[in-house]
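So the structure is just underneath, and the comments pick up after that.
Every number here is computed from the coordinates shown, using simple stated rules; none is lab data. Please read these numbers as outputs of a predicted model, since none were measured by experiment. For neighbour counting, all protein chains shown are included, and Cβ atoms are generated from backbone atoms with ideal geometry for every residue, glycine included.
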Amino acid sequence: MKKIILTLIISIICLGAASILFSFDKKNGEDSRINLNRNLQPSQLPSSQSAFLTASLTSNFVPIRNWSVEEPDIHARAAGVFDPNGEKFLYQKNINEKIPIASLTKIMAAIVALENLNLDEIITISKQAAMIGGENGRLLIGEKLSVRDLFYIMLIESSNDAATALANETYNFVYLMNKKAEEIGLKETSFSDPSGINPSNYSTIADLAKLAKYSFTQKSLLWQILGIKETEVYSQDGKIKHRLVNTNKLLGEVPQILGGKTGFTDEAGGCMLTINKIQNKPGEYFIAIVLGSDDRELEIKKLIEWTEQAYVW
């Protein structure tokens, strides 16, 4: 008797389940049985499945490592190769060490200037800007240039005078640089001037990777300019010509490089950051950075070559 009752209960349960799975939606005239090919949203799934699908949808693809390829011999104080899609370092050396970054500072200066100045605004070069030390674009006191032209001079020639001229047009410029760093999530970065002359401008490889990704995706003009090998800029009256040659010597020599920023001071040593395209993967890229290098171009080149050999996208 007990077996009969148990059998009846199981049958009822099975029939109920079947009626639910194969029910027909009379209102829409559609088969509402479970379809494994349907693209369900996480909110439509049970909580456990929702969490799994959300993780799957938001997880990023990480390239496959070929472990037979040895890591490059990098002598820089710190270095890294960052995959922004997978949010992962493919190569790292002292990526969390705080180090002076010299003119890599100008990436942040350009971001702040873009957010606070009109590209067509005309700026008169002050004596303070023209006489600033270090690398400069040979700007003349009283010369008039547009903000856009000063961007070209600052980024292509790593001009300290152009960076100073742009900063002088915005109140509390350095404060805004540090505030922006905080917004982006650069926790180990600090700026003391817009050009990078001061050794107290410091950051880490990890923070610079974030800055590079942010600037590349949110401020594309910067990288359009940083990808220019040579160009000319004229003063507003057309009397003064500035022939600009990119400080990035690898531009045009290494085809993977879309653009880059260089820097050097005695305290910082050679610094370089490049955005590099991935062959046969349109729109995808990786970031290579060295800080405190005696041969920044050679070591960036090593990192790029190693990344292409060691990883398959």
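Scanning for something surrounded by fewer than 21 Cβ atoms within 10 Å (Cβ to Cβ) and over 30 Å from Asn96 (Cα atoms), does the range 173-191 turn up at least one residue? Scanning the range 173-191 turns up no residue that is surrounded by fewer than 21 Cβ atoms within 10 Å (Cβ to Cβ) and over 30 Å from Asn96 (Cα atoms).
Between Gly196, Gly263, Gly238, the distinction of being without any contact (Cβ under 8 Å) to a residue 60 or more places away in the chain and either part of a loop (DSSP other than H, G, I, E, B) or within 19 Å of Lys301 (Cα to Cα) (or both) belongs to Gly238 only. Against the conditions (1) free of Cβ contacts under 8 Å to residues at least 24 places away in the same chain; (2) part of a strand (DSSP E or B), Pro255 satisfies every one except (2). When the range 231-268 is limited to residues that are in contact with a helix residue (DSSP H, G or I) (Cβ under 8 Å, 6 or more places away or on another chain) and of a type in the set (Gly, Ala, Ser), the one that is nearest to Thr105 (Cα to Cα) turns out to be Gly263. Residues in the range 181-218 that are basic (Lys, Arg) and under 19 Å from Met272 (Cα atoms): Lys210, Lys213. Does the range 66-87 contain any residue that is farther than 30 Å from Glu188 by Cβ, touching a residue at least 12 places away in the same chain (Cβ under 8 Å) and charged (D, E, K, R)? Scanning the range 66-87 turns up no residue that is farther than 30 Å from Glu188 by Cβ, touching a residue at least 12 places away in the same chain (Cβ under 8 Å) and charged (D, E, K, R).
In the range 146-156, the count of residues that are free of Cβ contacts under 8 Å to residues at least 40 places away in the same chain and surrounded by 22 or more Cβ atoms within 10 Å (Cβ to Cβ) is one or more. Taking strands (runs of 3 or more DSSP E) as the structural unit, those lying wholly within the range 64-170 and holding at least 1 residues that are within 21 Å of the chain's Cα centre (by Cα) correspond to 78-83, 88-93.
When the range 269-298 is filtered for residues that are buried (at least 22 other Cβ atoms within 10 Å of the Cβ) and either of a type in the set (A, V, I, L, M, F, W, C) or in a helix (DSSP H, G or I) (or both), the ones remaining, listed by number, are Cys271, Met272, Leu273, Ile275, Phe286, Ile287, Ala288, Ile289, Val290, Leu291, Arg296.
Taking the range 199-212 as the search range and keeping residues that are in a helix (DSSP H, G or I) and touching a strand residue (DSSP E or B) at 6+ places or on another chain (Cβ under 7 Å), which one is farthest from Ile153 (Cα to Cα)?
Only one residue fits best here, namely Ile205.
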